[in-house]
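Contents: one structure, followed by commentary.
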Amino acid sequence: MMKKLIISISLTIVVFALASIVLFQTVNAQSSSTWKTRVGNPPISDLEPGTVPPAPSDIRRGIIDTFGITMNGFDQQHLLWTWERLHEVSGTKFPNLVRGATIEKWNNEYSQAQSGCYSGDTSLNLRQFPGQGSYFKFHLLHELGHVAQKCNPRESTQRAAHENAYALEGAISEYGRQGPICIPETIAINEDHADTIAYFLDRSSGFVTTIRCGGPSNPPNPYINGGFPLRAAAMTSALLN
Amino acid sequence: MNKKILIIITLLFALLGGLFFIISSLRNITNTPPVTQNGFPTPTIYQVPDKGALIIQAQNISPLKKTHIGITTEEELKSIPNISQNGNTYSYPSPLILRPNEVIVENGVVVFEKVLIPEDQEGPYFKTVTSLKNAIGDPDGIIKGSAYYDWYAQTLIYSQLGLAAITNPYTDEVFEIHFFEPTSVENYISRFGGDIQESPSGQGPIHP
């Protein structure tokens, strides 16, 4: 009788001890998990473009159904370019960061702006660049990059890592460097962030974001040959991993 | 031997029983419904925190803050690691290289401190607008537009509590917190609101 009592008490103590150990390890693992992602720089991965399926007859509806992005006022050609571009980056986290955006065709043929986020706001007013698919596609990524940047928690686009890369690597493009000189309302570091995202996702693009008072410039994509490694690491972490 | 063990076990059970009784009694006390008079419940008296308590809460809202406004002396600032001086403005490292934390000194005493809030949502220093409002209520003023963060950022000014927060209304994030002596909204803006930059259009910039 006594023996049984002692055994049952001992078992109870052992069970409590084991439960405490399991609980401690669970809590410890949760608190340290955030640091695990921060040790070392993630490798720079090559971006594999996503497969572009044939566009549906109603491309606008197809973009809404597939990506949750509403485009108002755009012609078939620009809708097709958007369909293509969003599929090209569909292997990344980018489409999820901009899901829910509304893009209005900007009637001023010279300007575009990022004006809001998702819930009932117009996310973008975007110019229809005529006859320049690659130019429009790059600008689409750049402006949606602002949506990703402002409408998601900073961690989603690695804002701090980008800003520190800006401090250490300099601007990634002419627009990131001197946009505010020509357009007072722009903020260089934010334009640089949008370009950082756009160039990362569109490896075929050079410095296509010419600014109003700057001449055209088309050197190679800044990331090729290992350029801007801090940004590449930040974007790999934000958009690929 | 067996007798001793039996006594110890009995004592242990008695102790556990006693503890159980005390806990049960306490729970009964806290769960006791309010005494009624004439069928009406006795009104519960809610304690409204006084301004002084709220000021203390506001001033301690972030453990990243290094000074006590109006108390910490210029001499004491020198103990902050990696602090540097430019006139009456001192800077110490924040998560952003280009935007360090700042302390402003007047007449040898700290009058302002700017603390950047890290973006790590799981980290201990992360802050949301919701948590801020839950702690210290609604601000005295809200101004849209920031010279550093851009047109969408909102500065929530708790002038009477000596606190202002630059925030992202779309994500509920707090970017940075400013601490100062309780004052008016206008006085905060004129003295420490250098980052406030209202967009004429209320929207993003026009691009080429």
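A few points about this structure:
- Once you reduce the range A:171-210 and the range B:48-70 to the center of their Cα atoms, the two points are 40 Å from each other.
- Annotation for the range A:89-147: chymotrypsin sites (Phe, Trp or Tyr not before Pro) lying in DSSP loop with at most 10 further Cβ atoms inside 10 Å of their Cβ are A:Y110.
- For peptide B:142-152, the mean count of partner chain Cβ atoms within 10 Å of a residue's Cβ comes to 3.
- Taken residue by residue and averaged, Cβ atoms of other chains lying within 10 Å of the Cβ of A:134-147 number 1.
- Peptide A:113-121, shielding by other chains (average Cβ, 10 Å cutoff): 4
- Residue pairs, from the table A:K93/B:K66; A:K150/B:K51; B:K66/B:K127; A:K150/B:K133; A:K105/A:K150, whose Cα atoms sit over 26 Å apart: A:K93/B:K66; A:K150/B:K51
Bear in mind that the values in this text are calculations on the coordinates, not laboratory data. On a predicted model such as this, the values are computed, not experimentally measured, just so you know. Reconstructed Cβ throughout: ideal geometry from the backbone, glycine too, with neighbour counts over all protein chains shown.
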